Amino acid sequence: MSDPLTRDSIVVPAVSVPSSDCCLRSLSPTGVHTIVVSEEPTAKSFCSRHCDEAVLVPDPTTDLEGYATALFALARREDVRTVVPTREPDAFVLSKYRDAFAEHVATPWPTLETLRRVHDRVRLAEAAEAAGVPVPETRPLEAVDTISRPSVVKSRYNILVDEYVESVPPGRVRRSKTVEHLQPGAAVEPASLRETFGHDPIVQEFVPIDEEYMVGALYERGEPVATVQHRQFRGTSYTGGGGVYRESIRDDDLEDVALSLLDELEWHGLACIEYMRHPGTGEFYLTEINPRLWTSLAANARMGADFPRYYWRLATDRADEIDAGYDVGVGCHYLKGELAHVLSHLHDDSDLVDRPSIADTLRAIGRSCYDQPNFDLLSRDDPWPFVQDVLTELDRGVLEGVGPADLGYRASGAERPVDWREAAPADAVTDANADVHASSGRDRRPPLRESAEDRGSP
């Protein structure tokens, strides 16, 4: 382990997708001390040769306030310069307590009110309309009487917390990834759908997924610092989902709609914007925004767009050093995602998307792996995160109870993580608890939740 007293540090929450590993591989070799935090003692990112310090923190899904306290205590260390959001709970916590964090570290992330505009898909559609960019018709379920066109039903919010949804207990986080496809004339059963989603979901116009695109962006107080574009050829499911094979592109029209929306939001920080290209009009229709590092981050780094390094330079007042160019035509694979895509042929179903041939899909995967042998997580120089990811999946499935993830962690030679209270100064632990509790008292639900009268079609 390197000495953090001699290096500036960044806090990186570990996630199951490759984005946190990409962050470590980008920053640690440049001299940045990486503090990896996770609630999982055998997290794959702890096994990376670029993990300089491993810290156990509370699970944000069950103890969001405890997680915020841990992040804030680490942010109070003298060597820590910033925290990078890698998942939705990170984005929410960092924005909710942004003022408190700003007293100790750089805060390249949006305010909570701005975050709410992108987490709430109804308000995001309103923002897109205000920016003059295409967006599927989006309405709360309560505003829908009949299904007159192909539609999808999905969660109104990217993340479910008590500040947004009354059914979520305080301090808990839920995600609803359920998506239901409806044909015109399909029966709408509001009570059943509300029970499934845990809140009043949205009904959104279905845009055929013939062509999917992503724009990654870094903004500084309403001004673009860096962008990257890629086309998604396969997602985690044949019905859609996060990209698992993508190729870099440049399209002026795509750039225009993305920047117009972020300008309307007066964005600050990271943003991953997903689009569908309408087969009839050729326009790029907004799907959603993820206000954090994205799953395909490593793919973009392979393309030449090193967003972890961009983020670090922005956080350390060196935005002028960012060279935001990238190569076009570079493809990259997320192998676990490719497997999920194949398996989706067996267990996923849709009334709106035809199931392709498994044989054709396997041929396409084999061809693209041969033509573009680039991979998000698999690395000859840093193999253990990939190995540990495989072992973790086995631990959760066919070898549950055998403990392959723990065996893999020990085999990797990684040091055992320490509790966050040991990694932070003693006075920071006490002060962080007090500050988070005080902020929680100020930021309760009334300023965030919309009343029933406010909820309507955009």
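Okay, here's what the table says:
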quantity	calculated
Full-extension gain in nm, residue 210 to residue 186, via 0.36 nm per residue minus C-alpha separation	6.3 nm
Hits among lysines - C-alpha to C-alpha of residue 177 under 21 Å, sequence gap 8 or more where chains match	154, 336
FRET E, pair residue 99, residue 362, Förster distance 45 Å, beta-carbon r, rounded to 0.05	0.30
The range 33-77 residues near the modelled residue 427 label - backbone nitrogen below 16 Å, point 7 Å along Cα→Cβ	73-77
Computed magnitude of the charge dipole of the chain (debye, nearest 20; Cβ of K, R +1, Cβ of D, E -1)	720
Area of residue 251 that stays accessible when all protein chains are in place (1.4 Å probe, Å², to 10)	40
Magnitude of the charge dipole, the range 1-120, Cβ model with Lys/Arg +1 and Asp/Glu -1, debye to 20	320
Value of relative contact order over the chain, rounded to a whole percent, pairs C-alpha under 8 Å and six or more apart	20
Fraction of beta bridges assigned by DSSP in the chain that are antiparallel (%, nearest 5)	75
Surface accessible to a 1.4 Å probe, per residue, for the residues of the chain, Å²	42
Cα lying deepest toward the dipole's positive end in the range 68-134, options 68, 132, 91, charges on Cβ	68
Percent accessible area from carbon and sulfur atoms, the chain, protein chains only, probe 1.4 Å	46
Chain lengthening between residue 419 and residue 166 when straightened (0.36 nm per residue, less Cα-Cα)	87.9 nm
Positive-end residue, the chain charge dipole about Cα centroid, Cβ charges, pick of 353, 291, 152	353
Cβ-based charge dipole, the chain, positive-most Cα from 423, 259, 170	423
Label-point gap, in nm, between residue 263 and residue 194 - each point 7 angstrom along Cα→Cβ	4.1
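The values are calculated or read from the model by the stated rules, or taken from the named source; none is laboratory data. Everything numeric here is computed off the predicted structure, so don't read it as measured data. All Cβ positions, glycine included, derive from the backbone under ideal geometry; neighbour counts span all protein chains shown. We work out accessible area using only protein heavy atoms, side chains counted, and drop any ligands, DNA or RNA first. Shrake-Rupley method; radii C 1.70, N 1.55, O 1.52, S 1.80 Å.
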